[in-house]
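First up is the structure itself, then whatever we jot down about it.
The values are calculated or read from the model by the stated rules, or taken from the named source; none is laboratory data. On a predicted model such as this, the values are computed, not experimentally measured, just so you know. Heads up, the Cβs are rebuilt from the backbone with ideal geometry, glycines too, and the neighbour counts pull from every protein chain shown. Please note that ligands, DNA and RNA were not included when accessible areas were found on the heavy atoms of the full protein model with its side chains. Shrake-Rupley method; radii C 1.70, N 1.55, O 1.52, S 1.80 Å.
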Amino acid sequence: MPFNMAEEDDPVLHEIDVFISKSLADKLYLLQYPVRPGRMTYDDVDILAARVKPVQKKVEIEATINTRSPHYARSKGEQIALNVDGAFGSSSDSMYSSDKMDKQVLTSVSTGEKSGRYAAGIFKDGELHLTPLNAIIQMRPSFSYLDRADLKIKSEVGPAGDGGESSQDEEEEVKPVTVKFAQQESEEAKARRMASFNYLQKKQQEEAWQPLNYHSISSGRAESERLQLYAGKGDELSEFQLQPGEYLQALMPETDQAKEEMPAMPSNVLSLIQLRTMPLQDQVKTLLTNAKVIRFSQLLALLPQGVDATAVLRSLQQVAVLVQGCWVVKSEILYPKEATSPHSGVSAEHLCRGRDYVMWRFTQSRHVTRKDIASIVKLPAEDVKDILEQISHIRVNCGWEFLFTYDLDFTCRYPDIVQRQKMLWEAKYQGLAKLLKIPKEHDKKFKDKEPPISPGEKPARRRRNSSRSSTGTRRKRTLSGRSLSDYSDAEMDAIKQDLENHDDFSSRKEEPMEVSSSKLSNFNGTLEVTPDSNCDTTKGENSSDSPEFKLEILNFVKEKLNTRFVVSASELQRLFQMHLAQSPPGQILATGVSDKMLEESALKVGGVLLQNQWPPNSQQEPIYALPKTGDKLDPARGVLLNYFTSSHKINRKQFMKLVEEQCGLTLSEQDTKLLLKDYCGQKGNSWMLKGTIPAT
């Protein structure tokens, strides 16, 4: 007989009518007292005054202190009152009404919670009445009386400190006046100023306090106000008269309201939630503006999963330029025409010109020095340092080194983009040379200079030979400009062996090859070549054959399998790209890890390749799972994974029954949920293997 699986698994026991009251919707505050035990309420405490700042949603309450309590420190109370008010009765604006500290002020502190998500509820006669909260605040004691005591002491000491020697007849000393002109404030500087403590404090002080009347919890006015928490019979419950989509939109509105509530953030603070709402081109631009320098693999990891790489590259070339295989945001994006330097007031045009020259220098060399840069760009030292810090870091005895190692993987995959960017840099340099008046000898100096060795590379041994051989003939040179005689015998054997292993070497050996900044470190020396479409990043690196390299991959895959239990091939690749994005420059895995390496490592660390069933119209891919963890639930794990070879979904009771039949093991509810959550995701009332759940 057919039955409803949903009703069997999770039947409805009781239905409750829900009503929304709007009488106090824009006035209801939830006050919390985190520093006071729950048993010690303020119900029996006399409240002297209360006030509110509605815009800031800030509340202050003045409450009396029982000075006759055995727990009250009388001497401390008298000392505080004396420091704040002076002798009792000596001032008309005294804070305390006696010679002791007889009251305290409670000031609200925001909890950071969005009040629109919470409501106060009352359950009565089988009905639930909800009233949305306007604010959630915590009331804590205020110590502003200490500031008042300090001001009183300073006012008393100030005149006495002059010793009576000041004279109005004395001529005041003439002092020079410095005139400063206000500079145009950039957007970044404005955001920092508006997020500063002084600015926020000033804005808070501008709003005036509004006095309130306090009514105790047992008063008639309080009782009548509580009645407004119930929805009236005539209230229009418009939320429940909407279509399902409109109602969901009303419950979770878009980010327009959130943007109004959020304070101004500095430009280097980026919300990934807001990022997802932007078009792809704006996402790329925002990420580049915040990161300044990024690898293509890192960018893909930050963008939504499944985004088209071709579309990303198209957007990328509009806002960034290629430097050493990495993407650097364009200068005109960082420095719009109307912007000026926050340090010196230099115009955006000069900043762009100087930054472009720095980026061009990094296309020629791994390292630059600030002195050389400053001698050409003619910018203030602070601006030069600011530009260098965006795309490089300082290295002892080397100067400023480019932020990331050369991205050989990107240059091998997209040689046409690399060539196009090279042509753009050549054209840009011609314009910079004219604007900055760069001498030709300076140009040649850096174009012919061999790039320094990257971090992690071993310096090649060189033989000290004369500039000419004994026969007087000219020495042959490699592509990096080094003489063949400068290589050791071992280096020459390695170079010959590598060249013989190239399939197309015999057909290309007569063709000239360009020199670029990509390095193939499979030689003890450094051979400079331009990457082409046939290069393989997994074969050209010595580190990929090292035990440390293989162990690093195994540790990464093992850690992901032990924490996720099930991972698809695409998810494993995405996790690896995120791992690289979070790793420091020079990480050993950045030299090149193929998808095949990751999948083989998943099998070596104890994972299995599942032959699972897939939902209809789903995109299939390899899925790896961890079948054993060494505890008593391993047989149940085997049953679960084996079941997915014949079906793509399972329910909780069905799984418990299969385990009992096949293993003789009775699973508890807690163990059942634990196993299903480890290996599956819930879709309605069924559980599906992770990686096979269709996107909604």
Exercise. Has the range 35-47 got at least one residue that is within 27 Å of S224 (Cβ to Cβ), open to solvent by less than 50 Å² (accessible area, probe 1.4 Å) and either in contact with a Phe, Trp or Tyr (Cβ under 8 Å, 6 or more places away or on another chain) or not hydrophobic (A, V, I, L, M, F, W, C) (or both)?
Worked result: yes
Problem set entry | Matching residues in the range 57-82 - criterion: being open to solvent by less than 60 Å² (accessible area, probe 1.4 Å) and not β-branched (V, I, T) | K58, E60, E62, A63, S69, Y72, A73, G77, A81
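Every residue in the range 83-108 that is part of a loop (DSSP other than H, G, I, E, B) and either of a type in the set (V, I, T) or open to solvent by 50 Å² or more (accessible area, probe 1.4 Å) (or both), please. Working first, answer last.
Filtering the range 83-108 for residues part of a loop (DSSP other than H, G, I, E, B) gives 86-102.
Across the range 83-108, the qualifying residues are A87, F88, G89, S90, S92, D93, S97, D99.
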Exercise. For Q620, all conditions in the list (1) touching a residue at least 12 places away in the same chain (Cβ under 8 Å); (2) in contact with a Ser or Thr (Cβ under 9 Å, 6 or more places away or on another chain) hold save one; what is the number of the exception?
Worked result: (1)
Seminar exercise, completed: Going through the range 299-312 in order, the residues found to be assigned to a helix (DSSP H, G or I) and either open to solvent by 10 Å² or more (accessible area, probe 1.4 Å) or among the aromatic types (F, W, Y) (or both) are L300, A301, L302, A309, T310, A311
Exercise. Of the residues that make up the range 588-599, is at least one open to solvent by 40 Å² or more (accessible area, probe 1.4 Å), out of contact with any strand residue (DSSP E or B) (no Cβ under 6 Å at 6 or more places or on another chain), at pLDDT below 85 and not in a helix (DSSP H, G or I)?
Worked result: no
For this session: Sort out which residues of the range 308-334 are under 16 Å from F410 (Cβ atoms) and under 21 Å from the mean Cα position of the chain (by Cα), and write them in order of number.
Result: V312, L316, A320, C326, W327, V328
Seminar exercise, completed: Checked the range 628-648 for anything open to solvent by 30 Å² or more (accessible area, probe 1.4 Å), without any contact (Cβ under 8 Å) to a residue 60 or more places away in the chain and within 13 Å of G607 (Cα to Cα); matches are K628, G638
Exercise. Only one residue in E401, E389 is under 20 Å from W327 (Cβ atoms) and assigned to a helix (DSSP H, G or I). Which one?
Worked result: E389
Exercise. What number of residues within the range 542-555 satisfy the criterion of being under 26 Å from the mean Cα position of the chain (by Cα) and either modelled with pLDDT of 85 or more or open to solvent by 30 Å² or more (accessible area, probe 1.4 Å) (or both)?
Worked result: 2
Exercise. Does any residue in the range 538-567 that is in a helix (DSSP H, G or I) and charged (D, E, K, R) come within less than 7 Å, Cβ to Cβ, of a residue that is open to solvent by less than 60 Å² (accessible area, probe 1.4 Å) and modelled with pLDDT of 80 or more six or more places away or on a different chain, and which pairs are these?
Worked result: K558/V605; K560/V567; K560/L572; K560/L575
Exercise. Taking interchain pairs and intrachain pairs at least six residues apart, which have beta carbon atoms under 8 angstrom, with the first residue in the range 649-660 and among the polar types (S, T, N, Q) and the second assigned to a helix (DSSP H, G or I) and surrounded by fewer than 18 Cβ atoms within 10 Å (Cβ to Cβ)?
Worked result: N651/M5; N651/D9
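So that you can scan it fast, the table gives a plain yes or no per residue for (1) in contact with a helix residue (DSSP H, G or I) (Cβ under 7 Å, 6 or more places away or on another chain); (2) over 27 Å from L572 (Cβ atoms):
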| position | (1), (2) |
| --- | --- |
| Q281 | yes, yes |
| V284 | yes, no |
| L288 | yes, no |
| I294 | yes, no |
| L299 | yes, no |
| D308 | no, no |
| A311 | yes, no |
| V319 | yes, yes |
| V323 | yes, yes |
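Residues in the range 355-363: is at least one in a helix (DSSP H, G or I), closer than 16 Å to S186 by Cβ and at pLDDT 90 or above?
First, the residues of the range 355-363 that are in a helix (DSSP H, G or I): 355-363.
Applying the additional criterion that residues be closer than 16 Å to S186 by Cβ yields 355.
Then keep just the ones that are at pLDDT 90 or above; that gives 355.
Yes, some residue in the range 355-363 is in a helix (DSSP H, G or I), closer than 16 Å to S186 by Cβ and at pLDDT 90 or above.
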Exercise. Mind checking which residues of the range 352-405 are acidic (D, E), open to solvent by less than 30 Å² (accessible area, probe 1.4 Å) and within 22 Å of V319 (Cα to Cα)?
Worked result: D356, D383
Problem set entry | The one condition in (1) in a strand (DSSP E or B); (2) more than 15 Å from L31 (Cα to Cα); (3) in contact with a helix residue (DSSP H, G or I) (Cβ under 8 Å, 6 or more places away or on another chain) that T67 fails to fulfil | (1)
For this session: Consider E239 carefully, then state whether it is over 30 Å from T286 (Cα atoms), open to solvent by less than 100 Å² (accessible area, probe 1.4 Å) and at pLDDT 80 or above.
Result: no
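Kindly establish whether Y414 is aromatic (F, W, Y), out of contact with any Asp or Glu (no Cβ under 6 Å at 6 or more places or on another chain), open to solvent by less than 70 Å² (accessible area, probe 1.4 Å) and touching a residue at least 60 places away in the same chain (Cβ under 8 Å). Reasoning before the result, please.
Numbers: aromatic (F, W, Y): yes; out of contact with any Asp or Glu (no Cβ under 6 Å at 6 or more places or on another chain): yes; open to solvent by less than 70 Å² (accessible area, probe 1.4 Å): yes; touching a residue at least 60 places away in the same chain (Cβ under 8 Å): yes.
For Y414, the condition - aromatic (F, W, Y), out of contact with any Asp or Glu (no Cβ under 6 Å at 6 or more places or on another chain), open to solvent by less than 70 Å² (accessible area, probe 1.4 Å) and touching a residue at least 60 places away in the same chain (Cβ under 8 Å) - is met.
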